[in-house]
Structures are given as structure tokens and as C-alpha cells.
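For reference, the structure is listed below as C-alpha cells.
The values are calculated or read from the model by the stated rules, or taken from the named source; none is laboratory data. Not measured: the values here are computed from a predicted model. Heads up, the Cβs are rebuilt from the backbone with ideal geometry, glycines too, and the neighbour counts pull from every protein chain shown. These area figures cover heavy atoms from the full protein model, side chains too; ligands, DNA and RNA do not enter into them. Shrake-Rupley method; radii C 1.70, N 1.55, O 1.52, S 1.80 Å.
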2 protein chains.
Amino acid sequence: LHVPLMTLSQLRINSERLRDDFEELSQIGATPDGGICRLALSLEDLEARAWFANRIEEAGFLIHDDDTGNLSGVLPSDNRDAKTLLMGSHLDTVLNGGRYDGAIGLLAALECLRTIKESGVDLPVHLEVIDFTDDEGAWQPMLGSKGLTGLLAPENLKDSRGDHAAFRAALTRAGLNIQDVFKAKRDPNSILAYLEMHIEQNVRLENMGIDIGVVTNIVGRTAFYITYEGQARHSGTTSMRERQDALQGAALFVTRAHEMVRTHYTEGVLNCGNIEVKPGALSIVPSEARLTVECRHVNPDLLNHIEQSLSELAQECADYCRLGVHIQRIDHMPAASMAMPVIHAIEVACTTVGVTHHRIPSYASHNAQILSRITPSGMLFIPSVNGVSHNPSEYSHWEDVVNGANTLLHAALHLALNGVE
Amino acid sequence: LHVPLMTLSQLRINSERLRDDFEELSQIGATPDGGICRLALSLEDLEARAWFANRIEEAGFLIHDDDTGNLSGVLPSDNRDAKTLLMGSHLDTVLNGGRYDGAIGLLAALECLRTIKESGVDLPVHLEVIDFTDDEGAWQPMLGSKGLTGLLAPENLKDSRGDHAAFRAALTRAGLNIQDVFKAKRDPNSILAYLEMHIEQNVRLENMGIDIGVVTNIVGRTAFYITYEGQARHSGTTSMRERQDALQGAALFVTRAHEMVRTHYTEGVLNCGNIEVKPGALSIVPSEARLTVECRHVNPDLLNHIEQSLSELAQECADYCRLGVHIQRIDHMPAASMAMPVIHAIEVACTTVGVTHHRIPSYASHNAQILSRITPSGMLFIPSVNGVSHNPSEYSHWEDVVNGANTLLHAALHLALNGVE
């Protein structure tokens, strides 16, 4: 340690440099309405990764990528046997998403590494900023962090929509080989901890007037398809009472499932994000309707309970409409607790930076949820204006971004200097 | 007239020749499950039309096509100034439809012309068998018969899904020019009447044990899009109560609209054939849901009433879910009455052939509905097994097909010899 602790506590990130990065990155995959469409492994995502690799090299960090496409910059410790403090998020977005989700956390981590490098301090840990592949699940939610933690199962290598060939082609486009993805697994003993800054995507911090949310735990999430099967018939000549209309079953389920979760699981969250109807013609009674359903709860038992209740409800709606129904689970992410030493480091950092903070759970899934299975992990949230996210009008005040990045900086310094005991 | 009437009444179509035609045509656009996918202006449709043109030429009829792609074979009268008795139906099918809808009526009409030509009788009218373009509305419902009758409006030249360019490309592929479609209009005074045989697509004839349905009138039909607009939000972090979920509005409408029609319009028919959700992702609250809605009623006033009630209901569902909604009418086909002289000709024909008959309305739209606006028109139905149609398992007993074709033959002879007064 060549820099006095006194000076270290006054260290701040370079707001203008971070802002320039943010403006440049926001051009890649920009949509006309001010949003971003940068689906994982798309050409836009690959362009963003190339841009990020250039920033890493420019800053003089070691560049690293692995067999699931995770892309890192490493600021090594003089101690070659040191553990690594991972700090990351993701460059990919949902379809027509916003500019902040993922990107701002990753850029803040990059800026922290640059600030620490410039300070001249030698830390007893390697620092690594990492972009995780496919956080949003364009192909397989959290592909990159599942790969790194060794939690990737062979069945994850199917696209969540069941299209193996398209997934393989997308991996190939990114220079990845589907046979090799398991090689991305790292030794947990080589990792000290994981830290992630993210936008809150909710109105709680804004409503409370709090600068930083310190995440205590992350919601569990289960996704499945519910497919109703009826009979394709002529829509004019088949009487209203004799038809077996798959869309009527699906519509009834959507209405009743939302009522059920609102009434009986006040902390649970449900989304029916899509429905695909076959044959989908004006004059044919629908023979198939496939719903995309997702439910979340911070309590693992209650999440199981919601899933069970939705399954029973799906059958009731099928019986009522005289339809067949089947349910296929496509994703399950267990609820996760953040590590107390990391929560503590973030709270200490808030005090150092001089910002207010509050402990909150996360209702969104994040890579920290996966990392927490193998290493002490923590997250800090910055406020989202109106709580809007997964939408082009997603926005956070720049002052909050800077507060978040400085908190991330000092949480990293605290963990690097004090460890996770 | 060179054949005695006595002999003429004993004339019958050639069942084997009709059967051979039917088996051959059923190969074109055949699907693995025994159905047909021969969308209007698709390559399969064009192949079927080429096949049909060959049959017309083989039989020694004059071949004719017009600027909306209607394809005809003409058996001319010796009297060049004679009017034309049109007999037709359609070669196109819905997506994954059956083998009988349209095709069997067109082939029966072709067989009637061949039978009359072979009999050597000279009729005082031209006989014309005609395939009408796009009965099923892959692009624009009843494009061909609207063109021939002069009922085509410039706004019909948009694809019903709003995609002008794709429609133009499909017309071009069929050798048609979108500028010229209005030239297909014929002088109504040149047409004596229109006759169509079709499968019933319903269980009434089967349940009554009746051979031939004599159509008295055809249901009116209105189709529209109902589009709900909400806000794309993160599906986990946006609370259940604050979200504006377009799919919830659409689902509520589907459920309540069916209840309403079943309860208050017992003779009305409703179909919600498709729903398209945007952005359609697992983890985004739907921002848009566009429903395809179609309603039918034999009574024009009640059809208007249903449309009005559905429109009010759409707004109620939008209000309940705090969504925007707009309604766009995409098609309207007024209810039609069949002409009494044609109904009479069909009933006389049933007696000549020795089959039972019953007067019924049609709950499906047909080209006869369009033709009835400019010429006396009539239809006869043959039984559909289990009433199944617009489905690969659509089926009619061959004996019923032969009865229908013979009834069509004698109805045509009766009209040709007795006129429509």
C-alpha cells in the first residue's frame, strides 16, 4: 500500500470520463425512441463488446474472455496468488430496452478500476470488471454467470424457446463453441467476492428520497409455458357452445391468474409476457394458444406455492373451456441472499462517500443471484426515475449514477483491504 | 335444343372423373396431416390454378382470366349474345385448411360443364365455371368476386394487415398489376345468375339426415382489430397494481366478449382468431396487444348492434385496466338474401335428382354473397361430417358430393332453360 488511507478515502471516480463512455455506448443498438435494442449475441451486442474491449485496452488492463463469452478487464495485484474481486454487470438489453439497465453498472465498475489504477494504490486482490453474457435471456438467462460459476446444465444449452440450432448459430457468430461452454467454470477459491451496481427499476428509492439501495436478497423466479389445445374450426359455422377455443382458455387464465396473485400473494409478482396463437387466422377458431408466464417471490416456499396454484388454475381454465393443457417449465432461478460482509462494505462506502442508504430486496433477477451460489456477493441500487425499466424511457439522474459509482469504488476498496470475514 | 327434355332429366355427372380431379387437386399444397395449405396467391395456389387451367383446356372449354386473377372455363352457347350463367367457388384455402372447402364446389361445376358438353345439348346461355381469387382473405377477402362485381374499393387494395408492399408482390407473382384490378368489372346485364355448391361446414344437415341444404340467406360479417396500449415495464420490479398491461386488457375482453355474445345474441357468432403482443418478452410487461375480432349475424341490424356492444365493451376493459384502446374495422360483408328463382331451381333439381332438401341460412361468407349484389344468386350445401371445416380433418361422404354435383347440374339446366323470372 503506497497511498495513505486518509487520501484513499477522498478518492472519487471521474464523472466526465464515465459520462463520455455512457454516451458512446448508448449509440450502439440505439433505437429512434431513445432506447437500446442490444439482444445478447446480436450484432449490436458484439459491437458493444468490441467497444468495451477497446476501453479495457486503452486503460491498460489485461483483457480476458471465457468460453461463455464473458468479457473482462483485469487490474492485477502485485501478489500473483491474490484472489479476484469481481465487479460486473451486462451489456445486453431486452428487446427495445433502456440505456441504463446493465450498461451503467458495468461502466461504473470499469471507471472504478481506472480510478484505482490512477491512484497508484497496490491492492492485495486482483480487480476484474466483467460483462456477463445474456443476462436478459435472449437465449438463456444468465448464461455467462451460470457458465463461470459452474451452474450451467446441459439442458440450458437449448434456447429457452427450444430452438437449439439458432442458439448454436448465435454462439458461433460470437466466436463461441457450444461444446466448450462448460470450460468457463472458475475455481470458487480464486474469487474473493462479487459486487454489482444496478439501477433499481422500481420507485422505492425515489419515493423515500434515498441515494443508494443496499440489496439484502434477490427474488426467486420461475418461468414456464402454458399451452392450451383446442380444435381449429370454421369460425362462422361452428356454434358458440360447441367450439373448443384455445384462446378462450388462455384469456381466462390471464385474467384469473392476475386476480389470484394480487389477492393471495401480495408480495408475489406475475407476468404473462406473450401469447402465441395458432393458426392465428381471422376465420378459424384458435387450436393452440401458448402463454409465456413468469412468477417471482422473495420467499422460496411461497414461490413454489404460487407455481403450484398457477398450475391448478391452468387446469381449471382448461376444464371450463373443454381444452387440453400442458405446462413446461423453462427457467428457474432460486431466491438468493446477499452476503453480510458485502452488505456491510457497501454501507461503510455510503458513509465514506456521504450518501444516504436503505436496505431493500430486489424484485429483478441479477447476475449477483448466480454468483452468490459460489462467492460472497452484494449489490447496490441507484434510483430509477418513475421506476421505469425495460423501456426506452428508462432514466436515472446523472448525480445518482456518480453517487453509485463512488459507492461501488469504496465498497470495492473496503472489501479489497478488509476481506469478507 | 337437340336433346329431348326427357333424356336431359336423366343426365348425371361422371362420379369417377370428378373423384380423379379431386384426388389430384388434393395433392397440391397437401399437409402431412391430410389437410391443405393453399393460401391465395401463394405458390401452391398458383400451382392449383395452372392445374385447373389444364383441366379447362383438356375439356375443350374457352379459357378466360381477368385482372383480379379469377380463372374461368367457358362453354359458349351458339347464341353469341346470350347471357352467362356463372358457376363457381374457389381453389384457395385457409392456413392448414381442408380438402373440400371451395375446391369441391369448383370441381363439381367443372364436371357439370363437361357433362352438359358431352350431352350435346345447346343451351341458350353461356356456361362459365369460375375460380374466384382469395375467397378466404389471405390478402383481401373475396378479392376476385369483389373485382368482378365492381364492388372493389381502393382501400381494399391494402392487405387487410396493412402491408401494401407484400400484397403488391403477391399480385405480381400471379401476373397481376395492382393498378389494373378494377378492369375485372363485368356488365351485370351480361350475367344471367350465379350458382355455387359448397360444403355446409356445420352439423345441421347431418343431424337432420338431409342430402342438400338450399341456402336462403348468408350471414353478415364484420372484422376488426382491437388494439390495447399499455406501458412496457420490467416485469419483476413493477408492482402488480401499478402496471398497465396491454395483455390483461385483451384477455379480459376475450373472456367477456364471448360471454356477452353467448348470453345476449344467441344467433350471433364471435371469433377472436389471433392476438399479437408487443414486445412479447418473458420479463417485460406487454405494451401492446392487438386482437383480431370477427362477428357474424344473419340480421343486419343485430350485426350492427353486436359491433356497437363489442366496441363499448372494449372501452370498458381498457378503462378497468387503465389502458388506451383503438378499434379499426378491417372488413365488412353485409348479409345477403339468395334469389327466389335460384332457390326454386335448386329445389326442382333436388326433385329431379331424387335427393332430400331443406332451406337453411349460411353462417359462413361465400362469393355468392358478393355476386348477389349484381345478379340473382343461389347456393346449395352438402353435409360436412361432424360439421368440421377450416381444419385438416374436414370431410364429406363421396355420395353426398355426387348428390350435390348432380343437383348443381340440374339447377344449372333449369336456370339455363327457364331463366330467372
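Report the A-B buried area as the accessible area lost on both sides summed, probe 1.4 Å, in Å² to the nearest 100.
Accessible area lost upon association: around 5100 Å².
Mind checking the per residue accessible area of region B:7-58 for me, 1.4 Å probe, whole number of Å²?
For region B:7-58, the per-residue accessible area is 49 Å².
Which of A:LYS83/A:LYS117; B:LYS117/B:LYS183; A:LYS83/A:LYS146 have a Cα-Cα distance over 28 Å?
Working: A:LYS83/A:LYS117 17 Å; B:LYS117/B:LYS183 30 Å; A:LYS83/A:LYS146 20 Å.
Correct reply: B:LYS117/B:LYS183.
Give me the percent of the accessible area of region A:197-257 that comes from carbon and sulfur atoms, probe 1.4 Å, all protein chains in place.
In region A:197-257, the share of accessible area belonging to carbon and sulfur is 42 percent.
Classify region A:162-279 as rounded, prolate or oblate, taking a ≥ b ≥ c as the square roots of the eigenvalues of its Cα gyration tensor: rounded when a/c is under 1.5, otherwise prolate if a/b is larger than b/c and oblate if not.
oblate
With r as the distance between the Cβ atoms of B:LEU151 and B:GLN315 and R0 = 41 Å, compute the FRET efficiency 1/(1 + (r/R0)^6) and round to 0.05.
0.85
Rounded if a/c is under 1.5, else prolate if a/b beats b/c, else oblate: with a ≥ b ≥ c from the C-alpha gyration tensor eigenvalues square-rooted, which is region A:60-149?
oblate
Which FRET efficiency value, to the nearest 0.05, do you get for B:ASP180 and B:SER9 by plugging their Cβ-Cβ distance into 1/(1 + (r/R0)^6) with R0 = 41 Å?
After rounding, the FRET efficiency stands at 0.40.
Can you list the distances in nanometres, one decimal and ascending, from the A:ALA166 label point to the identical position in each other copy, with the point 7 Å along Cα to Cβ?
1.6
So between A:SER190 and A:GLU259, what do we pick up on full extension, going 0.36 nm a residue minus the alpha carbon distance?
On the way: separation 69, 0.36 × 69 = 24.84 nm, distance 4.72 nm.
Once the chain is fully extended between A:SER190 and A:GLU259, it gains 20.1 nm.
Obtain the nm distance between the two label points defined at B:GLU421 and A:ARG17 by a simple spin-label model: each point lies 7 Å from its Cα along the Cα-to-C-beta direction.
My value for the distance between the label points is 10.1 nm.
Counting helices only, and only those DSSP H runs with n ≥ 4, report the 222 nm mean residue ellipticity of the protein assembly as shown as the sum of -39,500 (n - 2.57) divided by its residues, in deg cm²/dmol to the nearest 500.
Mean residue ellipticity at 222 nm (helix-derived): -11000 deg cm²/dmol.
What angle, in degrees between 0 and 90 and rounded to the nearest 10, separates the Cα long axis of helix A:398-418 from the longest principal axis of the Cα atoms of chain A?
Around 60 degrees separate the two axes.
To one decimal in nm, how far is A:PHE182 from the same spot in the other copies, if labels go 7 Å from Cα toward Cβ? Please give the shortest first.
Copy-to-copy label distances at A:PHE182, shortest first: 6.9 nm.
With the cut-off at 1.5 for a/c, could you classify region B:134-208 from its C-alpha gyration tensor as rounded, prolate or oblate?
Note, shape of region B:134-208 comes out oblate.
Quick check: with the 1.4 Å probe, what order do B:TYR395, A:TYR320 take by accessible area, largest first?
Of B:TYR395, A:TYR320, the descending order of accessible area is A:TYR320, B:TYR395.
For region B:129-252, report the accessible area per residue in Å² (1.4 Å probe, heavy atoms, rounded to an integer). Present the calculation step by step, with values, prior to reporting the outcome.
Details: 3920 Å² over 124 residues.
Here the per-residue accessible area is 32 Å².
So how far, in whole Å, is the C-alpha centre of region B:297-356 from the one of region A:334-350?
64
What trypsin sites (Lys or Arg not before Pro) in region A:1-88 are in a loop by DSSP, with at most 13 other Cβ atoms within 10 Å of the Cβ?
For trypsin sites (Lys or Arg not before Pro) across region A:1-88 that sit outside H, G, I, E and B with at most 13 neighbouring Cβ atoms in 10 Å, the list reads A:ARG12, A:ARG80.
Hey, can you grab everything whose amide H is under 5 Å from the amide H of B:ARG233? Only 5+ residues off in sequence or another chain; H modelled, so Pro and N-termini drop out.
Here B:VAL285 satisfy the definition.
In nm to one decimal, list the spacings between the B:MET208 label point and its equivalents in the other copies, with label points set 7 Å along Cα to Cβ, shortest first.
7.3
Would you mind getting the accessible area per residue of region B:253-310, heavy atoms of the protein chains only, 1.4 Å probe, in Å²?
Roughly 35 Å² per residue, with all protein chains present.
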